[in-house]
Structure formats: C-alpha cells, structure tokens
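Peer 1: Please read through the structure below; I'll follow up with questions.
Readers should treat all values here as calculations from the given coordinates under stated rules, not as data from a laboratory. No experiment lies behind these values; they were computed from the predicted model shown. For neighbour counting, all protein chains shown are included, and Cβ atoms are generated from backbone atoms with ideal geometry for every residue, glycine included.
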Amino acid sequence: MLRAVKWASGTRVEFACGHRVVAMLTAAGERLGSVAQALRCAPAEVAAAAARAAEDAASRRKDVERLLAVAAEAEAARLAGRQDGPAVKAVLSPPVPGAAAWLKAVGQALAGRGRVALLGAVEEGRAHLGFTRPRGEGPHLGQALQAAVSLLGGKGGGAPDAAQGSGPAIGMLEAALGEAARRVSAGA
C-alpha cells in the first residue's frame, strides 16, 4: 500500500504490486543513495545527517541575521551622520541578496534614531523602496510609497510608519525617492 486518502464516505487506497513494486523500490534506493552521497554518509544514516544539516543551516541563518542587524545599525549611523534634517534619503547597495530585508533593517535602525528613512535599492532588475519612521505622529508613509512606486511602474503598500514596494523602472528610482521626500516634507 502506498497511501490511503479519505474519499467521500470511504477511503481511497493506492497500492502497487508485481513488477511495479520492484521498480519503485529500485528508484527509491537510487534516490536514497543520491541523498546519502550528497550528505556524505551511509544510506542508513541519512535521517540523522539531514537533521544535522538542517540544524546547521538554521544556525547559519541566525548568524547571518545577527550580522545583517549589526551592518544595518552601522549603515544607519553612517547615513544619520551624513544627512541633516528629520528625513534620510538614500540609495543603498545591499551587502547580501535581499534588498527588501536590507532596506527594512536600515530603516528600522534609522527610525530608532528618530529619523524618517526613505531608502531605495536595485536588485534583480527591480527598484526597491523601503520607507520607515518612528511610531506616533508623522507623515503617512504608505501614501508616500504609493506615489513613489507608481513612478517605478510597480506596486507596494504599508502602514503610516512603514511601507515597502518595488517596480521595474530602475531609472526612476531617484525620482521616486524625490517624490517621497516631497510628500513627507509636505506632511503626506
């Protein structure tokens, strides 16, 4: 029996017999051998090796997230010191793939310093926008983003204090950030 699935008022059973069983077992053995070779272990140790690999990958992801947070804090400090006024407008180069996450991290770090972040980046043929401000009173960044992302020919959205979006018109990134800055200074 391969599996049983509830079907209407009964159960549907899938099974194989005869030469199909031999073919299925051969294919399963080959797949198990390939996995064991990739994990560099014996076929009997595949489950344990896969669990170790998953645990190691999760640990590395957490390390990358911590390093990214430190890098975002440093970038926010650099940007905050470079630009006067309540809003910081910049096009950033993400240190790792994931422009949206990088813009969000830097934006949150700037918001933690009491600044409005109007950030952009280019990745995989798209212009990305990430706007963040401290919670409370202030311009509606979701509305500012809608106006900016329309210049990029894309979409996005967000709340009054945080918004993200992207579009394919990379050449319009500076204009989109300028439009957002204009709206934020006018109170959006």
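Peer 1: Compare A28, A53, A109 in a GNM of the chain, Cα atoms joined below 10 Å, and give the one with the largest fluctuation.
Peer 2: A28
Peer 1: Moving to a separate point now. May I ask you to order 63-73, 110-120 by the average number of other C-beta atoms within 10 Å around their residues, highest value first?
Peer 2: Packing order, densest peptide first, comes out as 110-120, 63-73.
Peer 1: Additional query: How much of the DSSP bridge set in segment 34-172 is antiparallel, in percent, rounded to the nearest 5?
Peer 2: Bridges in segment 34-172 are about 75 percent antiparallel.
Peer 1: Based on DSSP H assignment, which helices of the chain show an axial Cα extent of at least 24 Å together with a mean Kyte-Doolittle hydropathy greater than or equal to -0.5?
Peer 2: Flagged H segments are 19-39, 46-82.
Peer 1: If each of A175 and E45 carries a label point 7 Å out from its Cα toward its Cβ, how far apart are those two points in nm?
Peer 2: 6.1 nm
Peer 1: Which distance in Å, rounded to a whole number, links the C-alpha centroids of segment 78-100 and segment 47-74?
Peer 2: 25 Å
Peer 1: Just G18, G138, G157 to compare: in a GNM of the chain, with alpha carbon springs under 10 Å, which one fluctuates most?
Peer 2: Top of the fluctuation ranking is G18.
Peer 1: Take H128, H19, H140 and order them by how many other Cβ atoms sit within 10 Å, fewest up front.
Peer 2: The fewest-first ordering by Cβ neighbours comes to H19, H140, H128.
Peer 1: If you don't mind, another one. Could you list M1, M24 in order of exposure, starting from the residue whose Cβ has the fewest other Cβ atoms within 10 Å?
Peer 2: Least to most surrounded, the residues fall as M1, M24.
Peer 1: Related question: Could you tell me which of rounded, prolate or oblate describes segment 73-185, using a ≥ b ≥ c as the square roots of the eigenvalues of the alpha-carbon gyration tensor, with rounded for a/c under 1.5 and, failing that, prolate when a/b is larger than b/c and oblate otherwise?
Peer 2: Note, shape of segment 73-185 comes out oblate.
Peer 1: When the chain is modelled as a GNM with alpha-carbon springs shorter than 10 Å, which of R61, R12, R135 fluctuates the most?
Peer 2: Result for the chain, Cα springs under 10 Å: R12 fluctuates most.
Peer 1: Counting pairs on different chains as well as pairs 8 or more places apart, how many Lys pairs in the chain have Cα atoms under 24 Å apart?
Peer 2: The result is 4.
Peer 1: Right, another one. If you rank R82, R126, R182 by fewest surrounding Cβ atoms within 10 Å, what's the result?
Peer 2: R82, R182, R126
Peer 1: With a cap of 14 neighbouring Cβ atoms within 10 Å, and only residues DSSP puts in a loop, list the GluC sites (Glu not before Pro) found in segment 86-187.
Peer 2: E124, E137
Peer 1: Place the peptides 38-44, 74-80 in order of packing, highest mean first, counting for every residue the other Cβ atoms within 10 Å and averaging per peptide.
Peer 2: Ranking, from highest mean packing down: 74-80, 38-44.
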